[in-house]
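Peer 1: Before I ask anything, here is the structure I am working with.
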Amino acid sequence: MLRIVALTHDGNLHKDISLDEISSEIYKWYWVDFEKPTQNESALLSTFFHFHPLAIEDCLLYIQRPKLDHYEDYTFFVFHALNPDTSEVKEIDSFLGKNFLVTFHFEPLMYLDKIYNKVESGTLNTPLLVFHAILDEAVDLYFPIIYSMEDRLNEAEDNTKGLSTTALMDEVFDIRSDLLRLRRTIYPMRDLVYRIINSSRIPDFHEYHGYFSDIYDHLLRLSEIVEDSRELTADIRDSYISLNAFHGNQIVIKLTILSAIFLPLTFIVGLYGMNFVHMPELKWKYGYLFVWIIMLIIGIGLPLYFKKKGWFNDRIE
């Protein structure tokens with residue numbers, strides 16, 4: 001589907017005109033939006049607009065890394081928006097010239113309706129401003145997704161849902177994976193906008209440099225949030241590993257204490273359980289009582305000794 005708007009030199013906005021009409025000299029600039037284009041509509045990039053074959057190839061090969069390419073009388077951009085519900089990446093390709101803007105995307109973008117309304121109201125009255133609005137709205141969609149990640153991470157950190165340790169770690173690793181996917185989108189976008197604000201080949205760009213610098217500031221903020229969140233997931237993961245290791249050490253201490261107590265008792269029982277004929281203690285009248293007294297002394301004395309040494313302190317129950 002193609003949506004076309006064009007502004008005349010006397011400030012009148014015309015909508016739903018044909019492609020043949022936009023070449024008329026009465027129009028100051030125009031915007032053509034390709035939304036879910038058919039094969040025949042996609043072919044217009046070459047047959048009608050005569051864009052460079054490499055740029056057209058980038059449009060048709062979904063999904064490309066965010067990029068900027070300068071051509072003779074226009075600049076080609078590839079950037080990414082995100083679905084706020086699924087965090088799915090949506091590619092938007094744009095051809096920006098002095099008096100035109102052509103946008104191309106296979107996925108519908110609901111926020112473009114808002115931009116059309118601004119164009120109709122006269123708020124956006126140049127192709128560069130329209131392009132800025134599209135890019136700005138795409139970046140603004142990142143914030144709800146990032147804030148949602150932060151909320152999930154805070155819940156995981158405080159374990160407000162009362163999850164088991166295993167379920168909690170699964171949630172942390174899911175968040176970390178989602179953050180990594182966002183990082184792969186945000187960082188290239190940040191590099192793209194940095195190239196835009198440092199470009200000298202975009203017509204009349206100096207008038208709107210501050211607008212794009214503001215987008216760059218947003219992307220820097222998003223990058224910081226992603227990095228801080230990833231560090232927090234790493235801290236939670238490391239704390240979990242340390243806690244498990246400490247818990248394992250405490251179990252080893254308990255088993256060591258039990259072994260240390262029963263080892264001498266086992267030795268005594270094993271010693272007098274031998275079947276040699278000449279064992280004087282076996283014929284002693286008080287031998288059985290004596291062995292019990294020795295075993296009780298060992299069985300009570302060793303735990304008291306270990307307690308005095310602090311083996312029972314700061315243990316995880």
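Peer 1: So Ile257 passes all but one of these: (1) within 30 Å of Ser164 (Cβ to Cβ); (2) at pLDDT below 80; (3) surrounded by 13 or more Cβ atoms within 10 Å (Cβ to Cβ). Which condition number does it fail?
Peer 2: It is condition (2) that Ile257 fails.
Peer 1: Another question, then. Residue by residue through the range 41-60, note down the ones that are in contact (Cβ under 8 Å) with a residue 24 or more places away in the chain and either under 31 Å from the mean Cα position of the chain (by Cα) or part of a loop (DSSP other than H, G, I, E, B) (or both).
Peer 2: Listed by number, the residues that qualify are Phe48, Phe49, Phe51, His52, Ala55, Asp58, Cys59.
Peer 1: Would you be able to say whether some residue in the range 117-140 is aromatic (Phe, Trp, Tyr), in contact (Cβ under 8 Å) with a residue 60 or more places away in the chain and either assigned to a helix (DSSP H, G or I) or surrounded by 16 or more Cβ atoms within 10 Å (Cβ to Cβ) (or both)?
Peer 2: So far as the range 117-140 goes, no, none of its residues is aromatic (Phe, Trp, Tyr), in contact (Cβ under 8 Å) with a residue 60 or more places away in the chain and either assigned to a helix (DSSP H, G or I) or surrounded by 16 or more Cβ atoms within 10 Å (Cβ to Cβ) (or both).
Peer 1: With (1) part of a loop (DSSP other than H, G, I, E, B); (2) closer than 22 Å to Leu128 by Cα as the list, and Ile63 as the residue in question, which single condition is left unmet?
Peer 2: (2)
Peer 1: Here is a follow-up. Does any residue in the range 20-40 that is over 20 Å from Leu112 (Cβ atoms) come within less than 7 Å, Cβ to Cβ, of a residue that is in a loop (DSSP other than H, G, I, E, B) and not small (Gly, Ala, Ser) six or more places away or on a different chain, and which pairs are these?
Peer 2: Taking only residues 6 or more apart or on different chains, the pairs are Ile26/His9; Lys28/His9; Lys28/Asn99.
Yes/no per residue for (1) open to solvent by 20 Å² or more (accessible area, probe 1.4 Å); (2) β-branched (Val, Ile, Thr); (3) farther than 21 Å from Tyr194 by Cα:
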| residue | (1), (2), (3) |
| --- | --- |
| Ala43 | yes, no, yes |
| Ser46 | yes, no, yes |
| Phe51 | no, no, yes |
| Leu61 | yes, no, yes |
| Gln64 | yes, no, no |
| Asp69 | yes, no, no |
| Thr75 | no, yes, no |
| Phe79 | no, no, no |
| Asn83 | yes, no, yes |
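Peer 1: Also, I was wondering about something else. Under the condition of being free of Cβ contacts under 8 Å to residues at least 12 places away in the same chain and closer than 27 Å to Leu220 by Cβ, which residue from the range 163-197 is least open to solvent (accessible area, probe 1.4 Å)?
Peer 2: Top of the filtered list is Ser177.
The values are calculated or read from the model by the stated rules, or taken from the named source; none is laboratory data. Because the structure is a prediction, the values reported are computed rather than measured. For neighbour counting, all protein chains shown are included, and Cβ atoms are generated from backbone atoms with ideal geometry for every residue, glycine included. Note: accessible area is taken over every heavy atom of the protein model, side chains too, but ligands, DNA and RNA are not part of it. Shrake-Rupley method; radii C 1.70, N 1.55, O 1.52, S 1.80 Å.
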